[in-house]
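J.: Got a structure for you, written out below as structure tokens; questions coming shortly.
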Amino acid sequence: MDELNILLNQIKAHTEFYKNSIPLIASENLTSLSVRRCYVSDLGHRYAEGKVGGRFYQGCEFVDEIEKMAIKLTKEIFEVEHANVQPISGVVANIAAFFALTKPNDKIMSISVPCGGHISHDKYSAAGIRGLEVLHYPFDNDAMNIDVDKTRSIALKEKPKLFVLGSSLILFPQPVKEIAELAEEIGANVLYDASHVLGLIAGKAFQHPIKEGADVVTASTHKTFFGPQRAIILCKNEFAQAVDKAVFPGVVSNHHLNTLAGYVVAALEMKEFGKEYANQVVRNAKKLAERMYELGFNVVGEDLGFTKSHQVAADVSKLGGGAKVAKKLEEVNIVLNKNLLPWDDVSKTSNPSGIRIGVQEVTKLGMKEEEMKILAEIMWNAVNELKEVSKLREEVRELKSRFDVIKYTFEEHPAYLFPEVALNANL
Ligand SMILES: *Cc1c(COP(=O)(O)O)cnc(C)c1O
């Protein structure tokens, strides 16, 4: 079939491009082959609506054991009372959390998109679907964080029912403790969306939201965590029933049993390698930021040591803006995204001031501080056109060719496998 060949060739070309590129999108990561194996199993053909031990269809005996493992490992890794492992994505988890914690027309406070908040925290997406009125936290641009004092005066007046924390552009821990105290005072709840930093929390390299006072945590499992594209919800026991009901029958019917099994593998990898990985990720981000700054990039968060997460943000408005810079970097096979910064108006989405960089994926491939310095130099040369594009693309390929093996897994293996190779590989 011509069409099938065309499709296969597109997948091959895509894989080849990534094999020769430096991937720096902060929301992505690579999974190990043991995780990927689960995707192609028979589990991907089945349904298991309901809970472990209480399914609506027959044939779920083994699925129950898999889901039990997923719940047990999640509770163990995050030291929480309750875990729901069924949401099929971060946005779906957020919709469920809003259903569990709010009623239509309630007010919530969340971080605006330019300040780093996720679209699903806003009226255009999940919060809007729940019919919530969204107020934005006042933001301290220098601290790249919520302004707690100003938030307090707004909250005492407006009495929001829910405080949403956690961001898509997140350089520093957020004031969970202070917001949780404020929430207590006015009878509100705290939801922390840990989609970006879940792997760092698992590796104990970032703030643990529930230990600091959050009631419920939602998170994608594929950004700094090692999993397939899905999500989890963590909470205190008192929210367990509301959360479970909001997930099923609320927002999932099929909960994608093949990637659920893949998540179990990812959790086992995190348990074993999470600490070492998460700490290396944070060290790499810091080194990359420092070298970028030395070279002349306007890196965000200078006074605070640039970053305490997997991310680095730079204001590139003097270099042509985020769109132009991201495109120039793509020409030399460096893949990242343009990003709004707190001082941008939302209408600047097409060419915002910033770029956002994540080092979690290159760290999974074994890169360390030394490579971060090389990377910063290639980026500076590309953005300022100090070397020819072909020369820089060659430098990227050379650097990447030394790092194409998946680390932090039980059996290291080549990262870029075409589908047929992956299926036959005997690992
Ligand atoms: C990525 C992200 C999400 C969405 O997760 P999906 O799995 O893509 O649906 C939600 N919240 C935050 C903060 C994110 O960064």
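Quick note: the coordinates plus some simple rules give every number you see, no bench work behind them. Everything numeric in this text was worked out from a predicted model, so none of it was measured. Here the Cβ is made from the backbone with ideal geometry for all residues, glycine too, and neighbour counts use every protein chain on show.
J.: Under a straight-distance cross-link criterion of Cα-Cα below 15 Å, which aspartates and glutamates are reachable from LYS123, leaving out those fewer than 8 residues away in the same chain?
T.: Straight-distance partners of LYS123: ASP106, GLU133.
J.: Okay, next question. Checking the cross-link filter: which lysines have an alpha carbon closer than 21 Å to that of LYS324, excluding same-chain neighbours under 8 positions apart?
T.: Those lysines meeting the cut-off are LYS338, LYS348, LYS387, LYS391.
J.: Around ARG55, which amide H atoms from residues at least 5 apart in sequence, or from another chain, sit under 5 Å from its own amide H, with H modelled in the peptide plane?
T.: Under 5 Å from the amide H of ARG55 lies no amide H from a residue far enough along the sequence or on another chain.
J.: Label the chain by shape, choosing from rounded, prolate and oblate, from the square roots a ≥ b ≥ c of the eigenvalues of the Cα gyration tensor; if a/c is under 1.5 it is rounded, and otherwise prolate applies when a/b is larger than b/c, oblate when it is not.
T.: Working: a/c = 1.81, a/b = 1.10, b/c = 1.65.
Oblate is the answer for the chain, as a/c is 1.5 or above yet b/c matches or exceeds a/b.
J.: For a footprinting-style exposure proxy, rank PHE410, PHE306 by other Cβ within 10 Å, fewest first. Mind showing how you got there, number by number?
T.: Working: PHE410 13, PHE306 24.
The fewest-first ordering by Cβ neighbours comes to PHE410, PHE306.
J.: Within a 10 angstrom radius of the beta carbon, how do CYS60, CYS235 rank from fewest other beta carbons to most? Before the final figure, lay out the partial values.
T.: Values: CYS60 21, CYS235 25.
Ascending number of Cβ neighbours within 10 Å: CYS60, CYS235.
J.: Would you mind calculating the relative contact order of the chain from Cα pairs under 8 angstrom and at least 6 residues apart, reporting the percent as a whole number?
T.: Details: 876 pairs, mean separation 95.5, N = 427.
Once normalised by length, the contact order is 22 percent.
J.: With both bridge residues required to lie in the chain, what share of the DSSP beta bridges run antiparallel, to the nearest 5%? Intermediate values should be presented prior to the final figure.
T.: Numbers: 24 of 39 bridges.
Here the antiparallel bridges make up roughly 60 percent for the chain.
J.: Project the alpha carbons of the range 34-267 onto their principal axes and report the range along each, largest first, in whole Å.
T.: Between the extreme Cα coordinates on each principal axis of the range 34-267 lie 55, 34, 29 Å.
J.: Using θ = phi - 60° and the Karplus curve 6.51 cos²θ - 1.76 cosθ + 1.60, what whole-Hz ³J(HN,Hα) does each residue of the range 113-123 get, with Gly and Pro shown as x?
T.: Each residue of the range 113-123 in turn: 4, x, 7, x, x, 8, 3, 6, 8, 10, 5 Hz.
J.: Show me the ranking of peptides 267-274, 112-119 by mean Cβ neighbours inside 10 Å, starting with the highest. Don't skip to the answer; put the middle values down first.
T.: Details: 267-274: 20.1, 112-119: 22.1.
Put in order of decreasing packing, that is 112-119, 267-274.
J.: Taking a threshold of 27 Å on the Cα-Cα distance, which of the pairs LYS327/LYS407; LYS107/LYS275; LYS12/LYS364; LYS157/LYS245; LYS211/LYS373 fall above it? It would help to have the intermediate numbers written out before the result.
T.: Values: LYS327/LYS407 29 Å; LYS107/LYS275 38 Å; LYS12/LYS364 22 Å; LYS157/LYS245 32 Å; LYS211/LYS373 35 Å.
Correct reply: LYS327/LYS407; LYS107/LYS275; LYS157/LYS245; LYS211/LYS373.
J.: Let me ask you something else. So how strong a dipole does the chain carry about its Cα centre when Lys and Arg Cβ are +1 and Asp and Glu Cβ are -1, to the nearest 20 debye? Could the numbers behind the result be given before it?
T.: Details: 50 positive and 56 negative charges, 41 e Å.
My answer is approximately 200 debye.
J.: Which percent, nearest 5, of DSSP beta bridges in the range 16-163 are antiparallel?
T.: Numbers: 4 of 10 bridges.
The answer is about 40 percent antiparallel.
J.: Based on the alpha-carbon gyration tensor of the range 18-128 and its eigenvalue square roots a ≥ b ≥ c, which shape applies: rounded if a/c is under 1.5, prolate if not and a/b is larger than b/c, or oblate? Don't skip to the end; give the middle numbers.
T.: On the way: a/c = 2.10, a/b = 1.22, b/c = 1.72.
In terms of gyration-tensor shape, oblate.
J.: Hey, another quick one. Can you bin the range 114-161 into rounded, prolate or oblate? Criterion: square roots of the alpha carbon gyration tensor eigenvalues sorted a ≥ b ≥ c, rounded for a/c under 1.5, prolate for a/b above b/c, oblate for the rest.
T.: Working: a/c = 3.96, a/b = 1.30, b/c = 3.05.
Verdict is oblate for the range 114-161.
J.: Distance in nm between label sites at LYS324 and HIS45, each 7 Å beyond Cα in the beta-carbon direction?
T.: With each label point 7 Å from Cα toward Cβ, the separation is 5.5 nm.
J.: Below 13 angstrom from the Cβ of VAL217, what's the summed charge of the other residues (Lys, Arg +1; Asp, Glu -1)? Let's see the in-between values first.
T.: Working: positive: LYS75, LYS211, LYS236; negative: GLU79, GLU81, ASP193, GLU212, ASP215.
Once all neighbours under 13 Å are counted, the net charge is -2.
J.: Among TRP343, TRP380, which comes first, then next, by fewest other beta-carbon atoms within 10 Å? Don't skip to the end; give the middle numbers.
T.: On the way: TRP343 15, TRP380 18.
Ranked by crowding around the Cβ, least crowded first: TRP343, TRP380.
J.: Add -39500 (n - 2.57) for each DSSP H run of 4 or more in the chain, then divide by its residues: what number comes out at 222 nm, to the nearest 500 deg cm²/dmol?
T.: On the way: 15 runs with 180 residues, N = 427.
After summing the helix terms and dividing by the residues of the chain, the value is -13000 deg cm²/dmol.
J.: Continuing with this model, one more query. Among DSSP beta bridges whose residues both lie in the range 34-267, state the antiparallel percentage, nearest 5.
T.: 50 percent
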